[in-house]
1. Under 8 Å for C-alpha pairs, at least 6 residues apart: give me the relative contact order for the chain, rounded to a whole percent.
2. Rounded, prolate or oblate: which one fits the stretch 1-113, using the alpha carbon gyration tensor with axes a ≥ b ≥ c (rounded when a/c is under 1.5, else prolate when a/b beats b/c, else oblate)?
3. Picking from Gly191, Val244, Val262, whose Cα lies most toward the positive end of the charge dipole for the stretch 187-262 (charges on Cβ: Lys, Arg +1; Asp, Glu -1)?
4. For the residue pair Asp299 and Arg224, what label-to-label distance in nm results when each label sits 7 Å from Cα along the Cα-to-beta-carbon direction?
5. Given the stretch 242-310, report the % of alpha carbon pairs whose separation exceeds 18 Å.
6. Positive end of the dipole of the chain, charges at C-beta (+1 Lys, Arg; -1 Asp, Glu), about the Cα centre: which of Leu322, Leu303, Ile33 has its Cα farthest in that direction?
7. How many percent of DSSP beta bridges within the chain run antiparallel, rounded to 5?
8. For Cα pairs less than 8 Å apart in space and 6+ apart in sequence, what is the mean separation divided by the residue count of the stretch 244-355, i.e. the relative contact order in percent?
Amino acid sequence: MSIPAATTIRLVDLHAQHEELKAPLQEAIAGVIESSGFILGPAVEAFEAAFADFCQVPHAVGLDSGISALELGLRALGIGEGDEVITPANSFIASSSAISFTGARPVWVDVERSTLNLDPSLVEAAITPRTRAIMVVHLYGAPANLVRIQELARAHSLALVEDACQAHGALYRGRRVGSFGDFGAFSFYPGKNLGAMGDAGVLTTSRPDLAEAVRSMRNYGQRRRYEHVHLAWNRRLDSIQAAVLRVKLGRLEAWNERRRRVAATYERELGDRGIELLGADPEGTPVHHLYPIRHPGRDALKLRLEERGIETGIHYPIPIHLQPCYQGVGVGPGSHPVTEAAARELLSLPMHPHLSESDVERVIEAVRTFSS
Ligand SMILES: *Cc1c(COP(=O)(O)O)cnc(C)c1O
């Protein structure tokens with residue numbers, strides 16, 4: 001008798017997500033085709049209004065990506081050549097490259113060992129007369145320590161920027177992330193908690209001046225048609241993506257809740273097995289974009305899970321300050337030890353809202369047998 005081969009458990013499963021919403025997604029896309037308005041227009045405005053409402057902010061500006069939200073937001077703050085922006089060493093490259101694109105310099109600060117988010121106790125020492133802003137990253141879907149960082153930003157008259165590209169819907173003290181800083185940046189890369197069917201992003205803000213500046217910068221610096229007050233880019237959100245996002249936004253809370261339940265099961269079943277789980281800020285309600293665990297035998301564990309048909313990921317294998325593209329900036333190995341250890345030890349387990357109970361059990365069983 002042959003045992004049926006177990007299906008692969010994916011790290012992220014977009015297919016299941018689209019199956020769930022097939023009819024409304026097709027209808028939304030058909031509506032845009034019917035209108036033949038593919039750039040900005042009513043579909044983009046409707047999504048911007050819905051996302052602003054969701055994030056409890058007055059303004060949301062639809063863009064072509066998360067990195068554009070970061071870069072254009074920083075530019076709208078007037079940040080550029082000669083300025084410094086403090087940002088965590090542990091993140092996806094775009095948090096830092098967005099700073100570099102403005103002409104400013106990213107100043108990396110290490111992260112807390114427990115949460116792997118920006119360590120507030122290390123921020124003050126990194127502030128210089130050139131510092132203009134502190135960028136927090138709510139990495140893996142977990143809010144950074146916003147209260148401490150907000151205090152520091154106020155005390156030193158610095159702007160506060162939130163890279164919320166992995167944290168759609170996360171709360172801090174009951175308020176949405178992306179509503180605390182001068183602006184928040186979200187990515188709708190397909191694998192994010194809220195994902196488009198291509199690239200897309202949004203900037204959230206309570207500041208009308210920033211919203212207006214970014215609206216102009218995304219559209220060739222136009223004030224009105226064919227009057228260009230700045231030299232600027234094309235970084236617009238397109239209408240088909242906006243229509244898709246508006247449909248999916250209606251499912252985001254339920255999907256995030258399912259992610260929290262999967263995370264709670266992982267925590268309960270793995271926490272006592274010599275597996276080191278990440279800690280959480282008690283003020284935060286995370287949305288578990290990813291579920292990284294720490295293991296000294298990370299690479300062997302990854303192989304073992306692969307053999308059992310379980311996909312995993314490493315977020316991230318090379319810290320930003322050690323990336324080839326940042327060679328020669330004078331920050332070498334050993335400068336951010338918590339981030340560097342995380343790069344060696346982290347392994348992201350499958351995490352998405354369409355994992356079944358038996359998928360979760362299979363992952364837990366495979367990790368447990370490896371560790372005991
Ligand atoms: C995905 C991501 C970005 C960039 O978003 P894009 O839409 O790919 O440009 C920025 N920061 C973080 C933390 C991300 O995870």
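The values are calculated or read from the model by the stated rules, or taken from the named source; none is laboratory data. Because the structure is predicted, anything quoted here is derived from the model rather than measured. Every residue, glycine as well, gets a Cβ built from its backbone with ideal geometry; the counts of neighbours run over all protein chains shown. Note: accessible area is taken over every heavy atom of the protein model, side chains too, but ligands, DNA and RNA are not part of it. Shrake-Rupley method; radii C 1.70, N 1.55, O 1.52, S 1.80 Å.
1. Details: 756 pairs, mean separation 81.6, N = 372.
Averaging sequence separation for qualifying contacts and normalising by length gives 22 percent for the chain.
2. Working: a/c = 2.86, a/b = 1.27, b/c = 2.26.
Oblate.
3. Val262
4. It works out to 6.4 nm between the two label points.
5. Working: 1281 of 2346 pairs.
Here the tail beyond 18 Å accounts for 55 percent of pairs.
6. Ile33
7. On the way: 26 of 43 bridges.
Antiparallel bridges make up about 60 percent of those DSSP assigns within the chain.
8. On the way: 110 pairs, mean separation 37.7, N = 112.
Answer for the stretch 244-355 is 34 percent.
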